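Each remark here refers to the structure printed beneath this line.
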Amino acid sequence: MIVAAAQFTPVPGDIDANVQSMHGLVHSASAQGARLVVFPELALTGYELEPIAKDPDLWVAEDDPRLEPVRDACRTTRTAAVVNCAARTDGGRPTIASVVIGPDGELLTRYDKRHLHGVELDVFTAGTADGRFTLDGIRFALAICYDNRFPELAERARADNCQVYVASSALDAENDSFEAVYPVRARDNGLYVVLANPVGPSDAGDCCGRSTVWGPDGAVLATAGTTALELAVADLPLQSLPVVSGRF
């Protein structure tokens, strides 16, 4: 299966503009054979916490009509996409969520970030469950940025027969996760790790891109540069697992 980690510079607070960037990147990834495209943390609005806290119009639901251009791109190309956003809840705060849109444009799953960090604790509600989805018989695990500092998430993914660990993040150039976290999660658990990271200024610092796919031995399989609108594309030699009742 070919997977792509997509990076771009989100326009702060402009969901429509960012959706159009995602629409184009899904098509670009599909042209390279990708079956799955992963976007960075809070790519739908940019990692801009004060506007998100003040404006509930920046929060989206899984069926939000503003996501239709991404759904259309997924349907047209038969590609799945991991879209990270501020997601509505039943309470007074959103979550940081990965909404997974399938190749038919329908929702595959939603994962809410379990481990919030810093100012996120004042803006968002933490999730309580692990994120999983299955595509073409391959089981995927979802994690978001600071989640990846907790090795038990990847350990549970391995125990749950996942082969690919999807990590939407917002990291600046000084962050050590590129060397000390993501390849370690891959190597320690025998997982492919797909990191999507944005480019440009944000509340997380000056994000540096470098979206990367690591192999189960921790080796880099593909990496993007530090400029916007880039893809890290890798062909993963995955084997479809049999469906087991109660697990898939």
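Within the stretch 178-196, can one find any residue that is modelled with pLDDT of 95 or more, surrounded by fewer than 18 Cβ atoms within 10 Å (Cβ to Cβ) and touching a Ser or Thr at 6+ places or on another chain (Cβ under 9 Å)? Within the stretch 178-196 (the criterion being modelled with pLDDT of 95 or more, surrounded by fewer than 18 Cβ atoms within 10 Å (Cβ to Cβ) and touching a Ser or Thr at 6+ places or on another chain (Cβ under 9 Å)), the answer is no, since none of the residues qualifies. Only a single item in (1) at positive phi; (2) open to solvent by less than 10 Å² (accessible area, probe 1.4 Å) is not met by V164, and it is number (1). Taking A173, is it within 21 Å of P201 (Cβ to Cβ), of a type in the set (A, V, I, L, M, F, W, C) and open to solvent by 10 Å² or more (accessible area, probe 1.4 Å)? Yes: the conditions hold for A173.
Among the residues making up the stretch 196-241, those that are in contact (Cβ under 8 Å) with a residue 60 or more places away in the chain and β-branched (V, I, T) are V199, T212, V213, V233.
Wholly within the stretch 125-172, which strands (runs of 3 or more DSSP E) include no fewer than the required count, namely at least 3 residues that are farther than 14 Å from V100 by Cα? In the stretch 125-172, there are no strands (runs of 3 or more DSSP E) which contain 3 or more residues that are farther than 14 Å from V100 by Cα. Inspect the stretch 38-49 for any residue being modelled with pLDDT of 95 or more and open to solvent by 50 Å² or more (accessible area, probe 1.4 Å) and give the result as yes or no. No, the conditions are met nowhere in the stretch 38-49. Can you spot a residue in the stretch 204-218 that is buried (at least 23 other Cβ atoms within 10 Å of the Cβ), touching a strand residue (DSSP E or B) at 6+ places or on another chain (Cβ under 9 Å) and within 23 Å of L121 (Cβ to Cβ)? Looking through the stretch 204-218, at least one residue is buried (at least 23 other Cβ atoms within 10 Å of the Cβ), touching a strand residue (DSSP E or B) at 6+ places or on another chain (Cβ under 9 Å) and within 23 Å of L121 (Cβ to Cβ).
The values are calculated or read from the model by the stated rules, or taken from the named source; none is laboratory data. The structure displayed is predicted, hence computed values, not measured ones. Neighbour counts are summed over all protein chains in view; Cβ atoms, including those assigned to glycine, are modelled from backbone coordinates with ideal geometry. In case anyone asks, the SASA skips ligands and DNA or RNA and just uses the protein heavy atoms, side chains included. Shrake-Rupley method; radii C 1.70, N 1.55, O 1.52, S 1.80 Å.
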